[in-house]
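Trainee: Please see the structure below; I have some questions.
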């Protein structure tokens, strides 16, 4: 089997496994969560101080919470096979529809954050990787370590203070307009850029020191031409590969940042679903996040294959 | 994975390896933080929970070295507790992620075939699960407890060790010196101690340092979304949330946990001695 | 020719949205942006009617004014000869947002649907809802004088028949308010626009947006940066800072919501009025008011605030903190300090768990203050911060010791239904636990039958005296509704019953 097909097959198997594990794990864990589920769901529905025993009993009867666990478990997979993720226990709306809306927002946020991180991190890394100045390297390292040492919410608060309160350029929080995207995306991007810039720096330094790069310069290419024709492509492989690793950081950042910026995304929804014991919503969210993660990693694989000049020729 | 030695051969790349000075600085910083968390309470024992609503938001001074928080609790007492908690959690979860990670990694690297493939599959699946979900669910089972956060973080972290150790073991096990040792009849324990561990140790310590900073940041982030530890526990993320409204009235208060968290993560980053590869 | 360098191409592609985004959001300047902590978790008024009512999208049959007096809403008159049979007359010329007229039949159908779901209306035990020529007739199983107050609760908002699907689920919000929904993005955002066929006065501001921002930091920053025109529920500390922000006007109004301690009256440390009195004496209400809420007038000595005059004992002097008297009371019940300073009786230490929840950020803080204050009396209190639902759940299974909660007695303008729920014969999820008083039940029953105001006043005062003496629930502090409004807005006011944000009365100044 050609290696590409092999790796795709592997990813498909992984996706299947993820679906199974997410379904099972969330099911087992949510069944073992403490606290009466009916009360939790009632609290999620009617607001915290409107929960009464009567409301909880009504929820229990409506959702048949006392039913067989095995049956509910099998039901979920049966429905999943038909593409049905069920209805949220809190809002009563289909989970799939809600996820579509939430995932859209999160993907927008994460996508812009990644692009911003590359726009900030890559040029910085290239410049410091090409230059032989010790100071620039040190400065880059210090900045990167500093950015990585601050939790995203501290960066986010700092950005709001600067751009919304002091300068008044961008809205502090909310959603609905494109300008709302910049601050949360930047809060995520700064942490990502810190790492991207270092990875780029190393890759660039390695390429710049390689014989083929020296040859490119010797054959008469200007610094700029050499960089564009021979440098960037080689540098991009580790940078893109590292993006895959950073996706985890991104997902965790998303939860905190979405909460701070009142952004209607999937991380925020997951926290709420866990608190309200909205099992179909937890399962749906986890499934989408898990599969999204597999998909993105597959894309990163493909991109690396496409970008790597060595692999292409062989 | 390139080793430090090869970097030194290329003069241009010497800068890539932060000098051991950086590692020393990291270790020193960590030692200072440990001393702050565990030794300061020995000579200045103030409860992190004792409230005095008549003396709130006092600036740093003789009576309260770092001032008091909005409930009149000693910031020094709270910071030491928070540092103990974060460091304790980080070290504990890193240690308990490293042990299974290394053990399974070595086993998988040593035994290609079914064992390797099934362990690899488990790791792949865990890696594809949103780690946050695991931590969230565990935190929901036992809200506000230390162990739920710890188990959640450890479960997420072990995969990294596993993957790195497995790859390294694969190459090491086919190296001539290991082959010789095996032919000479040395047991797996000896081979691990003599040949594998010395090569794996630097990788594992780097991962541990990064893992520790991940753990510290994760706990504070969870505190910020009120899923982690609960008040009145002094935890850095929670303290930041509690003190944020006072940023204008008493900026020195908010600065304290922020600086402490920064120093803690910084010490781990420096201690790692290497940058992400 | 060399190929376009990938990086610069990428840069160019990205610059377009960046530039577009940099344009100011000037098009939306006339929209009224409202920010509050509550998320919209459903389309159903039973769940999210709170927000639909406040944003003036949906309306109830009966409304209330600032004093809590009932005034006509979608119903213009309501009468009952015996508090069991009720006749409601509907307002003429009311249209739903889909253009269909509101008819007795559609109102009856909407009410019937509400009855199927848990909510305050269940208290009235309604047997029958019948549409008549001009209105709706309701038949109850037994007299309930406070029914009109229940019909002003948000869960009874009237939606059009087209709002429901065949299972009775709400699929679209089609109501009668001055604003109609244009876009709803659960759980965060609700956009609405002026409803031109509204029966009442047309609002001056054409479009509004509701945004849920559960974090108080976020709301404060949004008020400070001028992102939002109305920001509700501000934390006490930020209030001082916002007061100094130019372009903002601050509003505050006491609301009938009280932070109170719910006590398990069968716990050995809490089972007599004297013990509960001792706890009340041990609480430093002024310290909590000043230190945490930053208001000197926040201390609450009675469950119901002075604004609810019928239920407030105006001649009862507030009791200041008195640790000596509290210790005497504890000693008289046999609880004396042990060697570790903790009270004990016959070898049992007085250890209690105080359950509260974090959704209201001030509650855990007040709980830790109470923990420290009760420790001075010798009580070993553990604070357990959990989910709000743990309080009713542990009330039901009997495991609760003490709970700190915020109770809204103005859920409906008449506090009677809420009090009946809280202090019923078997206690209440958000009220008494293992405490009941036949005398109080008799008062409640009489109150549900009588419509004569003088008689009701006297009965309510008796009930308030009983609750103040027995202390099944101990009041701690009272809440204040707070609002930061853009100073460009005119006609801003706060509803003491939090039923409406009164957007329809506002207009843009110059």
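Trainee: Any chance you could get the radius of gyration and Dmax over the Cα atoms of the range B:25-183, in Å?
Mentor: 22.6, 76
Trainee: Mind checking the full-extension length gain between residue C:240 and residue C:266? Use 0.36 nm per residue of separation minus the Cα-Cα distance, one decimal, nm.
Mentor: Between residue C:240 and residue C:266, full extension yields an extra 5.1 nm.
Trainee: May I pose another question? Kirkwood hydrodynamic radius (Cα pairs, Å) of the range C:256-480?
Mentor: When all Cα pairs of the range C:256-480 are included, the Kirkwood radius is 17.8 Å.
Trainee: Mind checking the log10 I(q)/I(0) for the range A:59-118 at q = 0.14 Å⁻¹? Debye, one equal scatterer per Cα, no solvent, two decimals.
Mentor: With one equal scatterer per Cα and no solvent, log10 I(q)/I(0) is -0.58.
Trainee: Kirkwood Rh over Cα pairs of the range A:155-285 into Stokes-Einstein at 25 °C, 0.890 mPa s: D in µm²/s?
Mentor: Roughly 139 µm²/s, to the nearest whole number.
Trainee: Arrange the following residues from fewest to most other Cβ atoms within 10 Å of their Cβ: C:216, A:210.
Mentor: Starting with the residue having the fewest Cβ neighbours, the order is A:210, C:216.
Trainee: Here's another thing I want to ask about it. Just checking the output field for C:219-231: average partner chain Cβ neighbours within 10 Å of each residue's Cβ?
Mentor: Per-residue shielding by partner chains comes out at 5.
Trainee: Relative to the longest principal axis of the C-alpha atoms of chain C, give the angle of the C-alpha long axis of helix C:216-225, reported between 0 and 90° and rounded to the nearest 10°.
Mentor: On a 0 to 90 degree scale, this one is about 40.
Trainee: Rounded to the nearest 0.05, what FRET efficiency is calculated for residue A:9 and residue B:38 with R0 set to 41 Å and r the Cβ-Cβ distance?
Mentor: Computed FRET efficiency for residue A:9 and residue B:38: 0.20.
Trainee: What is the Cα centroid distance between the range A:81-110 and the range C:316-335, reported in whole angstrom?
Mentor: If you average the Cα positions of each part, the centres end up 55 Å apart.
Trainee: Based on the Cβ-Cβ distance of residue B:92 and residue C:426, what FRET efficiency does E = 1/(1 + (r/R0)^6) give at R0 = 60 Å, to the nearest 0.05?
Mentor: 0.85
Trainee: Ok, one more. So if I take the centroid of the Cα atoms in the range C:90-130 and the same for the range C:246-293, what is the distance between those two points in Å?
Mentor: Centre-to-centre (Cα) distance: 38 Å.
Trainee: So what is the relative contact order of chain C, in percent, for Cα pairs below 8 Å that sit 6 or more residues apart?
Mentor: Rounded, it is 20 percent for chain C.
Trainee: If packing is taken as the average count of other Cβ atoms within 10 Å, what order do C:451-459, C:34-42 fall into, highest mean first?
Mentor: For the peptides C:451-459, C:34-42, the packing ranking is C:34-42, C:451-459.
Trainee: So how long is each side of chain B along the principal axes, counting just the alpha-carbon atoms, biggest first, in Å?
Mentor: Projected onto the principal axes, the Cα atoms of chain B cover 76, 47, 33 Å.
Trainee: Counting only DSSP beta bridges with both residues in the protein assembly as shown, what percent are antiparallel, rounded to the nearest 5?
Mentor: Around 80 percent of the beta bridges assigned by DSSP in the protein assembly as shown are antiparallel ones.
Trainee: While we're here: Would you mind telling me which residue in A:220, A:253, A:290 has the biggest mean-square fluctuation in a Gaussian network model of chain A, where springs connect alpha carbons within a distance under 10 angstrom?
Mentor: Highest fluctuation of the listed residues: A:220.
Trainee: Let me ask another. I need the P(r) histogram for the range A:49-200: all alpha carbon pairs, bin width 5 Å from 0 out to the longest distance, whole percents.
Mentor: 2, 8, 11, 13, 11, 10, 9, 9, 9, 7, 5, 3, 2, 1, 0
Trainee: Treat each spin label as a single point 7 Å out from the Cα along the C-beta direction, and report the residue A:222 to residue C:294 distance in nm.
Mentor: Computed distance between label sites residue A:222 and residue C:294 equals 5.9 nm.
Trainee: Using alpha carbons only, what's the Rg to Rh ratio of the protein assembly as shown with Rh from Kirkwood?
Mentor: Ratio of gyration radius to Kirkwood radius for the protein assembly as shown: 1.00.
Trainee: Roughly what angle does helix B:197-224 make with the longest principal axis of chain B, taking Cα atoms, 0 to 90 degrees, to the nearest 10?
Mentor: Around 30 degrees separate the two axes.
Trainee: Also, I was wondering about something else. Give the average, rounded to an integer, of partner chain Cβ atoms located within 10 angstrom of each Cβ in A:8-18.
Mentor: 2
Trainee: May I pose another question? Given the options A:147, A:186, A:161, which has the most mean-square fluctuation in a GNM of chain A, springs set between C-alpha atoms less than 10 angstrom apart?
Mentor: A:161
Trainee: Label-point separation (nm) for residue A:72 and residue C:322, each offset 7 Å from Cα along Cα-to-Cβ?
Mentor: For residue A:72 paired with residue C:322, the spin-label model returns 5.3 nm.
Trainee: Continuing with this model, one more query. Set the Förster radius R0 to 51 Å, insert the Cβ-Cβ distance between residue B:63 and residue A:177 as r into 1/(1 + (r/R0)^6), and round the FRET efficiency to 0.05.
Mentor: For residue B:63 and residue A:177, the calculated efficiency is 0.55.
Trainee: Between residue A:214 and residue C:207, with labels modelled 7 Å along Cα→Cβ, what's the label distance in nm to one decimal, could you check?
Mentor: 6.4
Trainee: Taking every pair of alpha-carbon atoms in the range B:45-116, what share in percent sits in each 5 Å bin, from 0 to the bin with the longest distance?
Mentor: Using 5 Å bins, I get a P(r) of 3, 16, 15, 12, 8, 8, 7, 6, 6, 6, 6, 5, 3, 0 for the range B:45-116.
Trainee: Continuing with the same structure: Please grab the % of Cα pairs in the range C:58-175 that end up more than 18 Å from each other.
Mentor: So the pairs more than 18 Å apart make up 47 percent of the total in the range C:58-175.
Trainee: Further question: Find how many whole Å separate the alpha carbon centroid of the range B:234-264 from the alpha carbon centroid of the range C:416-483.
Mentor: Between the Cα centres of the range C:416-483 and the range B:234-264 lies a distance of 43 Å.
Trainee: OK, next. How much of the calculated P(r) for chain A lies past 39 Å, in percent of all Cα pairs?
Mentor: Here the tail beyond 39 Å accounts for 27 percent of pairs.
Trainee: Let me know the mean shielding of C:365-374 by other chains, meaning the per-residue number of their Cβ atoms within 10 Å of its Cβ.
Mentor: That works out to 4 on average.
Trainee: Another one. Under 8 Å for C-alpha pairs, at least 6 residues apart: give me the relative contact order for chain B, rounded to a whole percent.
Mentor: 24
Trainee: Based on the alpha carbons, how large is the Rg to Rh ratio for chain C when Rh follows Kirkwood?
Mentor: Rg divided by Rh gives 1.03.
Trainee: Right, next: Go through A:193-206, C:387-400 and give me the packing order, highest mean Cβ count within 10 Å leading.
Mentor: Sorting A:193-206, C:387-400 by mean packing, highest first, produces A:193-206, C:387-400.
Trainee: Just need the relative contact order of chain A here, percent rounded to a whole number, with Cα pairs under 8 Å and 6+ apart.
Mentor: Relative contact order here is 26 percent.
No lab work stands behind these numbers, since they all come straight from the coordinates. Because the structure is a prediction, the values reported are computed rather than measured. Cβ coordinates were reconstructed from backbone atoms using ideal geometry, including for glycine residues, and neighbour counts include every protein chain displayed.
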